[in-house]
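Student: Below you'll find the structure I mean.
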Number of protein chains: 2
Amino acid sequence: MNRVSLHFEILNSGAAGRRGTLTLPHGQVETPAFMPVGTAASVKALPQHFLEELDARIILGNTYHLYLRPGHELIRRMGGLHRFMSWPRALLTDSGGFQVFSLNELRKVTEEGVRFRSHLDGSSHFFSPEHSMDVQIALGSDIAMAFDECLEYPADRERARKSLDLTMRWAARSKAHFDAHKHEAPWVDELEQTPNLFGIVQGGMFADLRRESAERLVEMDFPGYAIGGLSVGEPRELTREIIADTLPLLPADKPRYVMGVGYPDEIVEYAKMGVDMMDCVLPTRAARHGLLFTSEGRLNIKNRRFAEDQGPLDPECSCPVCQRYSRAYLRHLMAAQEPLAAVLNTLHNLAFYLMTMRRVREELAGSVPSI
Amino acid sequence: MNRVSLHFEILNSGAAGRRGTLTLPHGQVETPAFMPVGTAASVKALPQHFLEELDARIILGNTYHLYLRPGHELIRRMGGLHRFMSWPRALLTDSGGFQVFSLNELRKVTEEGVRFRSHLDGSSHFFSPEHSMDVQIALGSDIAMAFDECLEYPADRERARKSLDLTMRWAARSKAHFDAHKHEAPWVDELEQTPNLFGIVQGGMFADLRRESAERLVEMDFPGYAIGGLSVGEPRELTREIIADTLPLLPADKPRYVMGVGYPDEIVEYAKMGVDMMDCVLPTRAARHGLLFTSEGRLNIKNRRFAEDQGPLDPECSCPVCQRYSRAYLRHLMAAQEPLAAVLNTLHNLAFYLMTMRRVREELAGSVPSI
């Protein structure tokens, strides 16, 4: 391949965060960016064109779920995940590690990898760094993630140390296998580009282990870095501290991604600390349970007090839901368990998250660079 | 009110059906028309703007469901059903009778009306012709339906005779109460029009009773007439026969509506017999179960044979689903129980039904009038 498959240009940078453009094989992403989660080849309940209307430039796919159903080889035969789900914009896939490690009772970890049982039918499967790379290459994501051990919280220092070492060995194996096989992604010939692999900083809640993890990963030279193992139950101040401590250890000219965060005020806070990418199931999952985010805070639309509220969900929101429907109607859809509730609630919550990030980018664009 | 609230203009009429324009307080409907069912103030899983994009001009609401949840008085306070669900186009409501009579174990019929228990919480309720009218007027539908007894199938002559007499007495009571109160509909002052009430022909599967029912209703002078009590389990030839026998008994200058039909080939057949309006839950309900209608016939998208089928659902369909997604993807959404399956399947099935009716209208527009 002659063309670079990832180009990251920083447009503004300062004490209040940085704004940039991340160019991937499937298009440009304006950063800082929030990435909606599309677990099983669908951002639950939302037709793809709604995501385009919201100007989502990159969404996530979950390797574990897609591996089990419909299967990565099927998706490869269908031309890759972009074509399979008709999403021509950028895709990031996780490594499958997070889901596999969530199957507490059903997994066994060795140096080689993780044996686990499917949550769907109990069948036995094995994920190694190499296998995770094979699956992600078959899916053809723009950004694949290294296979890492997701450390439980709380974990003591010895446990964190051992886990970190394993994750670093797995990162090296991930990279070696990925580099050897990335040319097999479904769209490589068509686009004359290849997928990209990001490394993941682990190390539990220990600053020195996080530092070591970052340094070892940087030595391996990934085109981007993620901070993983956060939002696992630790207090929010600790999340913030780990992010603040880790960011300066990562190359300033490469994208920095904090995985699995967060509430609207968190994603703003982290973006302003210099994080470029974030993802979280919160806006979509909460939507399906009636928890909606607005400029006036969170609200549970199932609450009786909205039964006759003719106002929009969020008077300051310009999304199609707030422009058309009342709180009373949205409340009724939840109460009557209408499937439209999930569609409209998800549409609004994602609009709110994406709008929140757009505002941060606009602020950064207008900001005076720090000296 | 000075303005007529229903105007029916027949544009073409002949042996192969008739084409017309039905003008209602909330807009024009081109007939013959298929009306999607929006049971509880939502055509299940579809945002309203999709229905507009499909050019649906009129949809149904179910009086029984809306009465129970969120309640017709709440909807009246919200400005009526159009405003509550943000559907500015025409609405037709059924009388609640069909649902109430489906609650076999939970109902008791008297001359006065029907006592029944809610399927939601077992609470006791009473529907009379007057109450059904009150509910429909509170909802503010463009077309309300007379409260009728829905005869079970099969039913013997004596049972059909008694039921018909009750339905005719209820029709008269419906009309009297409706005419006395229709000015109370939520949008009457704003639009300077009132809702309309249609009568319903019953009589079981007996031609002479159907004739009597039609004649007695015509004498009461409704602005439109429905043929009810069909599609209740009888053979299709019998449905067709009853429709063929009954249509000529109804005034040619008024809209004729066959309730609760049918498959795509049925709605074409009935439209070509001179039926102007039809409704059915089939396209929406079947969609949620993966049964899809195409120009090549029905298919069950869950079938394994579609797992790697990259073609569109229906190569001849111009709907947003067929333009964008593959059978393989739609099959995956069903297999993975993704909520998007219901959205896309419903969108396609309704597009197919509405397109089918559009084709019939185009044929009729091009047809040479019979002499």
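The values are calculated or read from the model by the stated rules, or taken from the named source; none is laboratory data. Everything numeric here is computed off the predicted structure, so don't read it as measured data. Quick reminder, even Gly has a Cβ in these numbers, built from the backbone with ideal geometry, and neighbours come from all protein chains shown. Side chains are part of the model used for accessible areas, which takes the heavy atoms of the whole protein and leaves out ligands, DNA and RNA. Shrake-Rupley method; radii C 1.70, N 1.55, O 1.52, S 1.80 Å.
Student: State all residues of region A:178-204 that are in contact with a helix residue (DSSP H, G or I) (Cβ under 6 Å, 6 or more places away or on another chain) and either in a loop (DSSP other than H, G, I, E, B) or open to solvent by less than 10 Å² (accessible area, probe 1.4 Å) (or both); if no residue qualifies, say none.
Tutor: Scanning region A:178-204 gives A:PHE178, A:ALA185, A:PRO186, A:THR194, A:PRO195, A:LEU197, A:GLY199, A:VAL201, A:GLN202, A:GLY203, A:GLY204.
Student: How many residues are β-branched (Val, Ile, Thr) and either within 14 Å of chain A (Cβ to nearest Cβ) or over 19 Å from B:GLY20 (Cβ atoms) (or both) when one looks only at region B:262-294?
Tutor: Narrowing region B:262-294 to residues β-branched (Val, Ile, Thr): B:267-268, B:275, B:281, B:284, B:294.
Now drop any that are not either within 14 Å of chain A (Cβ to nearest Cβ) or over 19 Å from B:GLY20 (Cβ atoms) (or both), which leaves B:281, B:284, B:294.
Here the count works out to 3.
Student: Would you please name the residue that is nearest to A:LYS108 (Cα to Cα), looking only at residues in region A:136-153 that are assigned to a helix (DSSP H, G or I) and touching a residue at least 60 places away in the same chain (Cβ under 8 Å)?
Tutor: A:GLN136
Student: I've got another one for you. Looking at region A:317-333 only, could you name the residues that are assigned to a helix (DSSP H, G or I) and touching a His at 6+ places or on another chain (Cβ under 9 Å)?
Tutor: Answer for region A:317-333, where residues must be assigned to a helix (DSSP H, G or I) and touching a His at 6+ places or on another chain (Cβ under 9 Å): A:PRO320, A:VAL321, A:CYS322, A:ARG324, A:LEU330.
Student: Just name the residue that is farthest from the other protein chains (Cβ to nearest Cβ) out of those in region B:336-345 that are open to solvent by less than 40 Å² (accessible area, probe 1.4 Å) and under 16 Å from A:ARG69 (Cα atoms). I'd like the intermediate steps shown before the answer.
Tutor: The first filter runs over region B:336-345 and keeps only residues open to solvent by less than 40 Å² (accessible area, probe 1.4 Å), leaving B:336, B:338, B:340-345.
Next cut, under 16 Å from A:ARG69 (Cα atoms) only: B:336, B:338, B:340-341.
Values: B:ALA336: 5, B:GLU338: 5, B:LEU340: 5, B:ALA341: 9 Å.
The residue in question is B:ALA341.
Student: A further question follows. Among the residues of region B:44-69 satisfying the criterion of being free of Cβ contacts under 8 Å to residues at least 40 places away in the same chain and assigned to a loop (DSSP other than H, G, I, E, B), which is farthest from the other protein chains (Cβ to nearest Cβ)?
Tutor: Selected residue: B:ARG57.
Student: Next question, about the same structure. Which of the residues spanning region B:255-266 are of a type in the set (A, V, I, L, M, F, W, C) and either open to solvent by less than 10 Å² (accessible area, probe 1.4 Å) or under 21 Å from B:ASN345 (Cα atoms) (or both)? Write out each step before concluding.
Tutor: As a first pass, look at region B:255-266 and keep what is of a type in the set (A, V, I, L, M, F, W, C): B:258-259, B:261.
B:VAL258, B:VAL261, listed by residue number.
Student: If you don't mind, there's one more thing I want to ask. Name the single residue that is nearest to A:ALA144 (Cα to Cα) among those in region A:205-222 being touching a Lys or Arg at 6+ places or on another chain (Cβ under 7 Å) and open to solvent by 40 Å² or more (accessible area, probe 1.4 Å).
Tutor: Per the stated criteria, the residue is A:MET220.
Student: Is it the case, given these coordinates, that A:PHE8 is within 20 Å of the chain's Cα centre (by Cα), part of a strand (DSSP E or B) and at pLDDT 95 or above?
Tutor: On the way: within 20 Å of the chain's Cα centre (by Cα): yes; part of a strand (DSSP E or B): yes; at pLDDT 95 or above: yes.
Against the criterion (within 20 Å of the chain's Cα centre (by Cα), part of a strand (DSSP E or B) and at pLDDT 95 or above), A:PHE8 qualifies.
Student: Residue by residue through region A:49-69, note down the ones that are surrounded by fewer than 24 Cβ atoms within 10 Å (Cβ to Cβ) and more than 22 Å from A:GLY224 (Cα to Cα).
Tutor: A:HIS49, A:PHE50, A:LEU51, A:GLU52, A:GLU53, A:LEU54, A:ASP55, A:HIS65, A:LEU68, A:ARG69
For every residue, the table says whether it meets (1) within 21 Å of B:TYR153 (Cα to Cα); (2) of a type in the set (D, E, K, R).
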residue: B:ILE243; (1), (2): yes, no
residue: B:LEU249; (1), (2): no, no
residue: B:GLY260; (1), (2): yes, no
residue: B:ASP279; (1), (2): yes, yes
residue: B:ARG288; (1), (2): no, yes
residue: B:LEU291; (1), (2): no, no
residue: B:ARG304; (1), (2): no, yes
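Student: Take the residues in region B:5-43 that are touching a residue at least 40 places away in the same chain (Cβ under 8 Å) and β-branched (Val, Ile, Thr), then tell me which one is nearest to B:TYR263 (Cα to Cα).
Tutor: B:VAL37
Student: Now a separate question. For B:THR21, indicate whether it is open to solvent by 10 Å² or more (accessible area, probe 1.4 Å), of a type in the set (S, T, N, Q), within 11 Å of another protein chain (Cβ to nearest Cβ) and out of contact with any Lys or Arg (no Cβ under 6 Å at 6 or more places or on another chain). Can you show your working first?
Tutor: On the way: open to solvent by 10 Å² or more (accessible area, probe 1.4 Å): yes; of a type in the set (S, T, N, Q): yes; within 11 Å of another protein chain (Cβ to nearest Cβ): no; out of contact with any Lys or Arg (no Cβ under 6 Å at 6 or more places or on another chain): yes.
No: the conditions fail for B:THR21.
Student: Against the conditions (1) in contact (Cβ under 8 Å) with a residue 12 or more places away in the chain; (2) in a strand (DSSP E or B), where does B:MET133 fall short? Just the number, please.
Tutor: (2)
Student: Looking only at region A:70-115, which residues are under 21 Å from A:LEU166 (Cβ atoms) and in a loop (DSSP other than H, G, I, E, B)?
Tutor: A:ASP94, A:SER95, A:GLY96, A:LEU103, A:THR110, A:GLU111, A:GLU112, A:GLY113
Student: Out of A:ARG256, A:ARG216, I need the residue that is modelled with pLDDT of 95 or more, over 18 Å from A:GLY17 (Cβ atoms) and among the basic types (Lys, Arg). Which one?
Tutor: From the options A:ARG256, A:ARG216, the qualifying one is A:ARG216.
Student: Right, A:PHE84: within 28 Å of B:ARG331 (Cα to Cα) and not charged (D, E, K, R) or not?
Tutor: Values: within 28 Å of B:ARG331 (Cα to Cα): yes; not charged (D, E, K, R): yes.
Against the criterion (within 28 Å of B:ARG331 (Cα to Cα) and not charged (D, E, K, R)), A:PHE84 qualifies.
Student: Test A:ALA244 against the criterion of being over 19 Å from A:GLU30 (Cβ atoms), open to solvent by 10 Å² or more (accessible area, probe 1.4 Å) and among the small types (Gly, Ala, Ser), and give yes or no. Full working, then the answer.
Tutor: Details: over 19 Å from A:GLU30 (Cβ atoms): yes; open to solvent by 10 Å² or more (accessible area, probe 1.4 Å): yes; among the small types (Gly, Ala, Ser): yes.
The answer is yes for A:ALA244.
Student: Sticking with this structure for a sec: How many of the residues in region A:27-43 are surrounded by 23 or more Cβ atoms within 10 Å (Cβ to Cβ) and more than 9 Å from every other protein chain (Cβ to nearest Cβ)? Outline the logic, then answer.
Tutor: Pass one, region A:27-43, residues surrounded by 23 or more Cβ atoms within 10 Å (Cβ to Cβ): A:29, A:31-36, A:38, A:41-43.
With more than 9 Å from every other protein chain (Cβ to nearest Cβ) added as a condition, the list becomes A:29, A:31-36, A:38.
Summing the residues that are surrounded by 23 or more Cβ atoms within 10 Å (Cβ to Cβ) and more than 9 Å from every other protein chain (Cβ to nearest Cβ) in region A:27-43 gives 8.
Student: Another question, if that's okay. Got at least one residue in region A:155-177 being touching a strand residue (DSSP E or B) at 6+ places or on another chain (Cβ under 9 Å), assigned by TED's automatic domain parsing to the domain that holds A:SER231, open to solvent by 10 Å² or more (accessible area, probe 1.4 Å) and within 30 Å of A:MET85 (Cα to Cα)?
Tutor: Yes: one or more hits.
Student: Something else about it: Return the residues of region A:71-121 that are open to solvent by less than 50 Å² (accessible area, probe 1.4 Å), without any contact (Cβ under 8 Å) to a residue 24 or more places away in the chain and within 11 Å of chain B (Cβ to nearest Cβ); say none if nothing qualifies.
Tutor: A:GLY71, A:LEU74, A:MET78, listed by residue number.
Student: Is one or more of the residues making up region A:346-366 surrounded by fewer than 20 Cβ atoms within 10 Å (Cβ to Cβ) and within 12 Å of chain B (Cβ to nearest Cβ)?
Tutor: no
Every residue, every condition in (1) out of contact with any Pro (no Cβ under 9 Å at 6 or more places or on another chain); (2) under 22 Å from B:TYR353 (Cβ atoms), yes or no:
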site	(1), (2)
B:ALA41	no, yes
B:ASP55	yes, yes
B:ILE58	no, yes
B:TYR64	yes, no
B:ARG76	no, no
B:MET85	yes, yes
B:LEU91	yes, yes
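Student: Hey, another quick one. Which one is surrounded by the fewest Cβ atoms within 10 Å (Cβ to Cβ), of the residues in region A:313-326 that are within 11 Å of another protein chain (Cβ to nearest Cβ) and not small (Gly, Ala, Ser)?
Tutor: Taking region A:313-326 first, the residues within 11 Å of another protein chain (Cβ to nearest Cβ) are A:320-321, A:323-326.
Next cut, not small (Gly, Ala, Ser) only: A:320-321, A:323-325.
Values: A:PRO320: 17, A:VAL321: 23, A:GLN323: 10, A:ARG324: 15, A:TYR325: 22.
Looking at residues that are within 11 Å of another protein chain (Cβ to nearest Cβ) and not small (Gly, Ala, Ser), I get A:GLN323.
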